[in-house]
Every structure is written in C-alpha cells, then in structure tokens.
Amino acid sequence: MNNIKRTLEPLYFLQKRKTVFFAVAASIFILVAFYSLRLPKIYQSNVVVEIGSEIPDVAFFKEVVSVNPTNWWSIERYYETQYRIIQSGTILTRVSEKIIEQKIWPAVNGVENGSAYLGRLRGGVGVNPIGDSRLVRISYRDTDQDKVNVIANLIAQTYVEENLNRKLRSAKQAVNWLSQQMERFRG
C-alpha cells in the first residue's frame, strides 16, 4: 500500500496545485505563440536548372580537351563542383552587381553596398540535386516575398551565363591552340 501511495504522490501534488500548473503552462504557451507571431515570414522560390555536359559537342574540341567525365566518381565530382560554383562568391558577386544595377533591394544605410547584398544572398541560397538527374533545384529564401522569385531567377541566370562564358573561353583557347599548331607546322 505504501508503494502505491509513493508512486501516486506526484499526481496528488499536481492535483493540489493544478491551477498553478495550468497557469504556468498557459503562460509559456502564450509567450511562445507571441514570439512565433513576431518572427518574420520566410518565403522561398525555386528554379530548376539542367547542368549540361562538361565538354561542348564540337568534334575537334573533344580531342583537344581531355576532361571528359567517364566514370561515376568523375561525374559525381563534376556535379558537386557545379553545386559549389552556384553558391560561390563569383556567382553571388555577379548577382549582387545585378541587384544594384536593377535596384532590386533598397540601399543599405543609404549606400548600395554589394558586400551587404552578398552576405544576404549567401544566407538565402540553397542548391539541391533532383534525384539521379542532371537537374538541380536552386532555391532562395528571404523575408521579401516580392523579391525571392526575382533573385532566384537571377542566381540561375547568372550561373548559366557564367557557365556559357567559361565554355566559350575554353573553346577560344582550343581554337588559339589549334591555330598555333597549324602555324608551327606551316612554318
């Protein structure tokens, strides 16, 4: 009988002080609800981009450049590299420059500061591969509902532009190299 009484003691204690217990629980609930309602809403926008092949489909270029990802490990590293490039300072700096040009965000302390925008961009960008595909979901999260779509699209657009520029530079280097080789054999 004493053992049963000992195990039920906490219940008797709560029953005697149930008004205090409910008052504390209600206070905690109200404080948490008030805090949650005061938090700013976070909005997210997603853009899906296809990460293309590493090597352009130019017959002579494939012979000049031998960076063709052929095994699973190389392909996996290539995609991981692309995910990091999307989140890199180079891409996000270009995006912050576009934000300044297009006046998407208001000036910080009266000054359009790319580094302030860069920090805000870094905190909001996410990159998630979609299954076993060449598709990647670029997401941007921010408190400004009107701007998340614009900025997510700017990030994707800038990545695609930089990727094309890099491929064009590689193609020009290959053409220059081939031109030098032709000159060497002619001379």
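Laboratory data are not the source of any read-out in this text; all were calculated from the coordinates shown. Just so you know, these numbers come straight off a predicted model, no measurement behind them. So basically every Cβ, Gly included, is an ideal-geometry build from the backbone, and we count neighbours across all protein chains shown.
Using a basic spin-label model with each label point 7 Å from the Cα along Cα→Cβ, how many nm lie between R84 and E183?
3.6
Give me the number: length gained by fully extending F29 to T93, i.e. 0.36 nm times residue separation minus the C-alpha to C-alpha distance, one decimal in nm.
Stretched out fully, the F29 to T93 stretch lengthens by 18.7 nm.
Evaluate the distance, in nm, between pseudo-label points positioned 7 Å from the Cα of Q173 and of D144 along their respective Cα→Cβ axes.
3.6
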